[in-house]
Amino acid sequence: MPLSELDQPLGRKRRARPRLPVGRWLSLGLAGTLLLIFAALTLYAGLRRDPDGGEPVATAAIRERAPAPEIAAAIPQSGRMEESHGPASARQLETESGVTVVRPGSDAPGAIVITVPDDGAVRLAAAPDKRLIERTRHGYLPKVGPDGATPAQVYARPLGPAPATKPAGRIAIMVGGLGISQSSTSEAIARLPGAVSLAFAPYGADLEKTAARARAEGHEVFLQVPMEPFDYPDNDPGPHTLLTGPKGADNLDRLQWALGRFTGYVGIVNFLGGRLTADDAALTPLLREVAGRGLMVVDDGSSARSQLAPAATRAQIPALKADLALDGAPRADAIDKELQRLETLARENGVAVATASALPVTIERITRWARTLEAKGLTIVPVSAARGFRNPSSTGSLR
């Protein structure tokens with residue numbers, strides 16, 4: 001049977017008191033407030049239509065300033081600037097600017113004469129000169145031009161302006177063995193003074209381009225011709241070596257092969273060749289070929305028995321023999337000692353000629369040493385020019 005209210009357990013079916021939704025009202029109120037603020041700002045921006053709204057704004061005051069006295073004096077009553085006609089004369093302009101101009105016919109004060117040495121000012125003739133080449137199966141070979149010009153004359157480095165004072169001595173250096181090692185060749189071309197002559201072996205790659213770069217830097221260039229040494233073939237200069245005896249029947253063809261390797265060289269220099277340069281019979285036909293092509297001959301001085309330079313002189317070829325080799329012992333101290341000997345020879349004989357190899361240590365020592373020459377009263381000249389300064393009674397003279 002159903003229980004009465006008195007019989008039911010306590011706490012059953014008690015009606016809970018309703019709770020007020022305060023949190024919900026606060027959330028709705030806050031959201032409404034924010035929505036109202038956003039709507040108000042949107043309405044304000046839409047009604048104002050400011051194109052620069054939100055951009056920083058600064059206000060600058062512009063005030064007129066009175067003109068400077070010198071400018072005000074030039075402004076007439078009408079308020080317009082008078083035309084400027086400049087100084088009355090060139091001399092007035094010079095005086096006002098503080099520049100002194102020395103005109104032809106007038107003496108220049110010594111205090112304003114400035115001499116600027118510029119090794120780069122010496123420019124070599126362009127190569128190849130069309131007058132001085134002939135096409136053969138070995139390439140372009142040098143020749144005497146129709147007007148009598150020769151490669152030895154045209155391709156030589158000019159001496160440039162004469163020094164203000166007579167040098168205590170002149171020094172010519174030929175650095176050989178170039179064209180094979182690209183790094184050593186680039187170092188020699190870039191670091192050595194322009195007056196140092198460079199000799200290229202015929203075996204390098206891209207010799208035409210490399211020799212042209214050397215000439216663009218002011219270096220005159222020579223061709224090294226491989227010649228038979230005493231201990232050949234144990235010591236082999238390389239392919240197309242000029243040989244003595246019956247083996248030398250093809251020497252002219254081998255020589256022409258070497259001559260066709262590149263253009264723009266002043267002359268030839270022996271590469272080794274102790275046996276060949278001591279054999280007058282082997283030299284005669286070769287020097288006849290060289291003479292007909294207008295080249296210079298340089299004996300590197302490596303063989304005491306060499307007849308290369310005297311035989312060339314008898315063949316009416318401009319020739320020269322080196323006095324010493326700088327890097328027979330490729331050490332910095334030994335090279336420095338030979339450079340000192342070279343200075344002494346230059347002072348005693350007027351000019352001294354040396355050869356060297358394109359070794360990194362040799363290039364570094366010559367570069368350092370060359371910077372000291374001006375203070376010593378010595379100067380470097382190209383090998384092609386050294387012959388003209390040679391005293392006939394001095395060592396190696398062939399004039």
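Under 15 Å from the 7 Å Cα→Cβ point of S186, by amide nitrogen: which residues of the stretch 211-250?
Backbone N within reach: 211, 213-214.
Find, to one decimal place in angstroms, the Kirkwood hydrodynamic radius of the stretch 203-345, where the mean of 1/r is taken over every pair of different Cα atoms and then inverted.
Result for the stretch 203-345 stands at 16.1 Å.
Report, to two decimal places, the Cα Rg of the stretch 166-229 normalised by 2.2 N^0.38 Å (N = number of residues).
Ratio of Rg to 2.2 N^0.38 Å for the stretch 166-229: 1.17.
Explain nothing, just the number: relative contact order of the stretch 268-395, from Cα pairs under 8 Å at least 6 residues apart, as a whole percent.
Normalised by residue count, the contact order of the stretch 268-395 is 20 percent.
Using mean Cβ contacts within 10 Å as the protection proxy, how do 33-40, 243-250 order, highest first?
Descending packing order for the listed peptides: 243-250, 33-40.
For the stretch 170-283, restrict the atom set to alpha-carbon positions and state the Rg and Dmax in Å.
For the stretch 170-283, the Cα-based Rg and Dmax read 14.6, 44 Å.
Ignoring ligands, DNA and RNA, please state the percent of accessible area on the stretch 142-226 from carbon and sulfur, probe 1.4 Å.
56
Per residue, how much accessible area does the stretch 281-399 show when a 1.4 Å probe rolls over the protein heavy atoms, in square angstrom?
44
Rounded to a whole number of µm²/s, how large is the Stokes-Einstein D of the stretch 139-203 at 37 °C and 0.692 mPa s, given Rh as the Kirkwood radius over C-alpha pairs?
After rounding, the answer is 223 µm²/s.
The values are calculated or read from the model by the stated rules, or taken from the named source; none is laboratory data. Note that the structure is a prediction, hence the values are computed from the model and not measured. No Cβ is skipped: glycine too gets one built from the backbone with ideal geometry, and neighbour counts run over all protein chains shown. Just the protein is used for accessible areas: all its heavy atoms, side chains included, with ligands, DNA and RNA removed. Shrake-Rupley method; radii C 1.70, N 1.55, O 1.52, S 1.80 Å.
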